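Below is one structure; the comments refer to it alone.
The values are calculated or read from the model by the stated rules, or taken from the named source; none is laboratory data. Just so we're clear, the structure is a prediction, and the values are computed from it rather than from any experiment. Neighbour counts run over all protein chains shown; Cβ positions are idealised from the backbone, glycine included.
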Amino acid sequence: MALRHAGTLPVTLEPYEPAAETVLAELAGIELSGTKIHSICQDGGAVAQALMSEGILGDSRQLLPDERLYVEADGLMLWIDDGWHEVKLAVLFASSERADISKDRKQVTHRQYVVVQGTPDELGKLLWQAVQRWLPKDCDGAPIVRNKVVFLADGAVWLAKMAEAWLPGARIVLDFFHVADHIATAGRVVHPSEELARKRWTTRQRDLLLQGEVTEMLGGLLVQAKRKGQPASVRDELVHLHGYLNDRKAGLCYYSGTQMGDTQAAYLTCFSMKKRATICGVAARPSRCRVA
């Protein structure tokens, strides 16, 4: 019973200062005020920042010849110092750092995080420090990014610009989690009451993208939108989905990526930053900079 209590306590309390005090007291027998916990975390963060600047923080290794380094990044709002503040977050994992957790699913077993409450360039600078430690070097000693780094993001302009500036040569991919979410939203409009038809439609759109039939998929959306008698709501949703994907067409490179050695499953290993932040005991919500 005591073990069950200890295991459920961190995920049942509200993730604010009282929760931190209670969890620490219950699990470790240590009684500290929320203010003291905050101060200790601030001091620890300063030490970690100094170690990262010196390039000695974290556990990384050089990629093997057939490995890729996947980098995902996004922005979100965290409840910090009695208010909502935007932070920018990235996660790194090597393609081989994944283990089977069921017959059809794998889970990343080793990942690194980079987080800043600052500008895209501040995130990019720290991200580059973390990324280059994984990369092989060319004959001049410069880290090799091309064909080694895959940058996954939701299509926000600031993320693409940051990747181009700080990870030149990385392949920028529109992460499939967001693509599938947009397709699912359109499917609910196209087939609002026919669940089987909606499932067939959304599966068809996703499969076309994963198989490299991007032009066919995008063209099909416009053909369907222009179909005679099509309700305005359906037409508008299809046009919106087409615009979202067409504007980011270069990032729909799932099939070509697999031909170059990527694993398709890596495109589907998108982590929910809001979920992870909440699990870690931090109140979170989507950032205003996210793509609608």
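Results, tabulated for the structure shown:
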item: Count of the stretch 138-159 residues which are at negative phi and without any contact (Cβ under 8 Å) to a residue 60 or more places away in the chain; result: 9
item: Selection status of Phe176, aromatic (Phe, Trp, Tyr) and either more than 28 Å from Val214 (Cβ to Cβ) or touching a helix residue (DSSP H, G or I) at 6+ places or on another chain (Cβ under 7 Å) (or both); result: yes
item: Test result for Leu208, in a helix (DSSP H, G or I) and closer than 24 Å to Cys253 by Cα; result: yes
item: Pair list, Cβ under 9 Å, 6 or more apart: the stretch 246-258 residue under 11 Å from Leu209 (Cβ atoms), other residue part of a helix (DSSP H, G or I) and among the small types (Gly, Ala, Ser); result: Gly251/Ala160
item: Qualifying residues in the stretch 64-75 (those that are more than 11 Å from the chain's Cα centre (by Cα) and crowded, with 20+ Cβ neighbours inside 10 Å) - the one modelled with the lowest pLDDT; result: Arg68
item: Residue in the stretch 181-189 that is among the polar types (S, T, N, Q) and under 18 Å from Lys249 (Cβ atoms) present; result: no
item: Hits in the stretch 131-167 - residues which are farther than 13 Å from Ala73 by Cβ, in contact with an Asp or Glu (Cβ under 9 Å, 6 or more places away or on another chain) and among the aliphatic types (A, V, I, L, M); result: Ile144
item: Residue within the stretch 159-166 that is surrounded by 14 or more Cβ atoms within 10 Å (Cβ to Cβ) and in a loop (DSSP other than H, G, I, E, B) present; result: no
item: Subset of the stretch 232-259 (residues that are aromatic (Phe, Trp, Tyr) and under 15 Å from Gly187 (Cβ atoms)); result: Tyr244
item: Test for Val115: is it more than 30 Å from Gly243 (Cβ to Cβ) and surrounded by fewer than 21 Cβ atoms within 10 Å (Cβ to Cβ); result: yes
item: Selected residue (criterion: modelled with the highest pLDDT) from residues of the stretch 11-63 that are surrounded by 14 or more Cβ atoms within 10 Å (Cβ to Cβ) and within 25 Å of the chain's Cα centre (by Cα); result: Leu63
item: Count of the stretch 131-155 residues which are among the small types (Gly, Ala, Ser) and at pLDDT 90 or above; result: 2
item: Members of the stretch 127-145 found to be part of a loop (DSSP other than H, G, I, E, B) and in contact with a Lys or Arg (Cβ under 8 Å, 6 or more places away or on another chain), listed by number; result: Trp134, Leu135, Pro136, Ile144
